[in-house]
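Only one structure is covered here, and it is reproduced in the block below.
The values are calculated or read from the model by the stated rules, or taken from the named source; none is laboratory data. Keep in mind that this is a model prediction, so the values were computed, not measured. For neighbour counting, all protein chains shown are included, and Cβ atoms are generated from backbone atoms with ideal geometry for every residue, glycine included. Remember, those area values only see protein heavy atoms, side chains included, never the ligands or the DNA or RNA. Shrake-Rupley method; radii C 1.70, N 1.55, O 1.52, S 1.80 Å.
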Amino acid sequence: MHSPKKLIAGNWKMNGTLESNSTLMRAVLEGDLRASICDVAVCVPSVYLSQIHSLIQSANLTTAHLGAQDVSAHEKGAYTGEISVSMLKDVGATYVIVGHSERRQFHHESDQLVAIKAERALKAGLIPIVCVGETQQERESGLTEVTVKRQLAAVIHLIGHCITEIVVAYEPVWAIGTGLTATPEQAQSVHAVLRAQLKAAAGEGAANIRILYGGSMNPSNAKSLLSQSDIDGGLIGGASLKATDFLSIIAAA
Ligand code: PGA
């Protein structure tokens, strides 16, 4: 029986201003986080990492963490516009999302590139949140398992036994930002596949790897998703932009 501490991570995507971030983050931090038994993270646009880091620090909460939404696969140097793992560490990030489907889709990130980013993050002491998930077409063609296993296999192949240090997020692409959610049973069955794959790679340690569900999670479906045995938290897009919604998902965890 596994029971890792749950993680509720907000993915703000490309949203926010200094002013709206401050309002949102203060409201989240003033919520009942002290009573919360799960970890909470917000993955914010990189230009706002320092702003949110200061707000989290001043709240002095051990359960609240900062995350980034992507990172360069390169260590440093002549890569205009890119942001390195050491920069993310420098401004206080704990987590970094890698391989979000929007990066795979709009920036053509391959499984291999995502794996390199995950490895770089781990080596720098950041926790990568590795996203996997099938498109609608892949699901309809019966390719859900093959797809998520291929995506995760690339990461396992590169980082080996350190796989126990990552967070995995299962995000069916058809459920992201669409209002369509995988049913708790659909999500659980993919999570169980991923857990088995992690177990084959890491043995019993796989029981403690957090596998998050993401894709239109909201206050009304959070409880039923989060009560599935292999769902160890959520990666929340739209609903993380409203403090009351985000806080009620945290309360459901
Ligand atoms: P959503 O996004 O909650 O808005 O569907 C989730 C994500 O893309 O991480």
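Taking the Cα centre of segment 1-119 as origin and assigning +1 to Lys and Arg Cβ atoms and -1 to Asp and Glu Cβ atoms, the resulting dipole is close to 200 debye.
For segment 5-14, the Karplus equation 6.51 cos²θ - 1.76 cosθ + 1.60, evaluated at θ = phi - 60°, returns couplings of 5, 5, 10, 10, 10, x, 10, 6, 6, 8 Hz by residue, with Gly and Pro reported as x.
Across W12, W174, the residue with the most accessible area heads the list, and the full order at a 1.4 Å probe is W174, W12.
Using C-alpha pairs under 8 Å with a sequence gap of at least 6, the mean separation divided by the residue count of segment 106-253 gives a relative contact order of 21 percent. Counting only residues at least eight positions apart within a chain, or on another chain, the lysines with an alpha carbon under 16 Å from that of K117 are K76, K89. What fraction of the Cα pairs in segment 37-193, stated in percent, has a spacing above 28 angstrom? Cα-Cα pairs in segment 37-193 separated by more than 28 Å: 23 percent. Overall, the accessible surface of the chain at a probe of 1.4 angstrom is composed of carbon and sulfur to the extent of 53 percent.
Here the peptides 215-228, 99-112 are ranked by packing, the mean other Cβ count within 10 Å, and the order with the highest first is 215-228, 99-112. What is segment 1-75 by shape, rounded, prolate or oblate, if you read a ≥ b ≥ c off the alpha carbon gyration tensor as root eigenvalues and call it rounded for a/c under 1.5, prolate for a/b larger than b/c, and oblate otherwise? It is oblate, given that a/c is not under 1.5 and a/b is not larger than b/c.
Scanning residues 5 or more positions from I83 or on other chains, those with amide H under 5 Å from its amide H are S72, with H placed 1.01 Å from N in the peptide plane. For I236, the residues whose modelled amide H falls within less than 5 Å of its own, excluding neighbours fewer than 5 places apart on the same chain, are A9, G10, N11. Near the amide H of I127, within less than 5 Å, lie the amide hydrogens of Y95, V96, all on another chain or at least 5 residues away, with H placed in the peptide plane. Using +1 at the Cβ of each Lys and Arg and -1 at the Cβ of each Asp and Glu in the chain, identify which of P172, G237, I8 lies farthest towards the dipole's positive end. Checked the options; the winner is I8.
In order along segment 220-228, phi translates into HN-Hα couplings of 7, 9, 4, 4, 5, 5, 6, 8, 5 Hz, rounded to whole numbers, per the Karplus curve 6.51 cos²θ - 1.76 cosθ + 1.60 with θ = phi - 60° and x for Gly and Pro. Listed values for segment 95-107 are Karplus-derived 3J(HN,Hα) couplings in whole Hz (6.51 cos²θ - 1.76 cosθ + 1.60, θ = phi - 60°), namely 10, 9, 6, 10, x, 4, 4, 5, 6, 5, 6, 8, 10, and x replaces Gly and Pro. At full extension, T62 and E145 could sit 26.3 nm farther apart than now, given 0.36 nm per residue minus the alpha carbon distance.
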